[in-house]
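Read-outs: derived from the displayed coordinates by stated rules, not from any lab. Small disclaimer: the values here were computed from a predicted structure and weren't measured. Using ideal geometry, Cβ is built from the backbone for each residue, glycine included, and neighbour counts are taken over all protein chains shown.
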Amino acid sequence: MRHHDAPRPPLSALAALYAWAAGAVFVGSLGYFLYFYFVTLGRGPGAAPPSVWRAVMLDTTLVALFAVHHSVMARTRAKHWLTRHMLAPLERATFVWVASLLLVLMCAAWQDLPGHVYLVTGAWAWALRGAQLAGLAAIAGATRALHAFDLAGIRQVQAARSPGPGRPPDETPGERLEIGGAYRLVRHPVYLGWNLLLFAEPTMTADRLLFATLALVYLVAAIPLEERSLRAEFGAAYDAYRAKVRWRMIPGVY
């Protein structure tokens, strides 16, 4: 909780517009990403870039730029730094704005790689599509449990504009530890869903494999940092949850 000598007035309608626009940009960037992965990266062999390795390095840099922001700015220390320099209820919406724009940049600036890695047909292809649908279901279920308006930063601004009794206008709603639904299977079901969506692709081009691999490497590296923040925030409750749900992202593997 932040303390002030005097309570601030409720946030303006402009702040609400800022948060709602962040949510709209996020949805748009997610739709653009899905088009990018399933259409743009699935076009198959094209003209080879002047340097394959240069293309790989640039693509890796684009993913790393998104990943560094997504991990560093989501940590507790970074959040505290931001809220010292801006209104606390706008912190999450600002994070969503920057993350969405970086996602668009990554897709737009991606350097194509030529070639197919493998092509699965017949019943096995249908099985892989089923795994992708299961991944989408895991993402949707986990997002619904976490509340989409919280993730977009909209509820924080709404609460600040209409504070409840005894709560300062600039205090955002507290986060809660979600342990139900898909969170009973793994501690990070959204990441499990993304891996199913990316890797269970019957037509695996070089572009798709590179992106999926970079995303997996990022998630494996980011989860310990995220769990450190969760443990700092929820303490013994998170320790008990971690003891109950063994696997972080992939059951039986990690």
Total formal charge among the other residues, if their Cβ is under 10 angstrom from that of TYR37, Lys/Arg +1 and Asp/Glu -1: -1
Note, ³J(HN,Hα) from phi for segment 32-41, Karplus 6.51, -1.76, 1.60, rounded to Hz, x at Gly and Pro: 5, 4, 4, 4, 4, 6, 8, 10, 4, 6
Inter-probe distance in nm under a simple model that places probes 7 Å from Cα toward Cβ, at ALA24 and ALA109: 2.6 nm
The chain - mean residue ellipticity at 222 nm from DSSP helices (-39,500 (n - 2.57) per run, n ≥ 4, rounded to 500): -21500 deg cm²/dmol
Neighbour net charge for VAL120 - beta-carbon separation under 14 angstrom, K R +1, D E -1: +1
Placed amide H near THR203: partners under 5 Å, 5+ positions off or other chain: VAL120
Neighbour net charge for VAL245 - beta-carbon separation under 12 angstrom, K R +1, D E -1: +3
The chain: angle of helix 122-146 to the longest principal axis, Cα-based, in degrees nearest 10: 10 degrees
Charge dipole magnitude, Cβ of K and R +1, D and E -1 - segment 13-244, Cα centre, debye nearest 20: 360 debye
Radius of gyration and maximum dimension Dmax of segment 13-244, Cα, Å: 19.4, 63
In sequence order, calculated HN-Hα J values of segment 104-110 (Karplus, 6.51, -1.76, 1.60; Hz; x Gly/Pro): 4, 4, 4, 5, 5, 9, 4
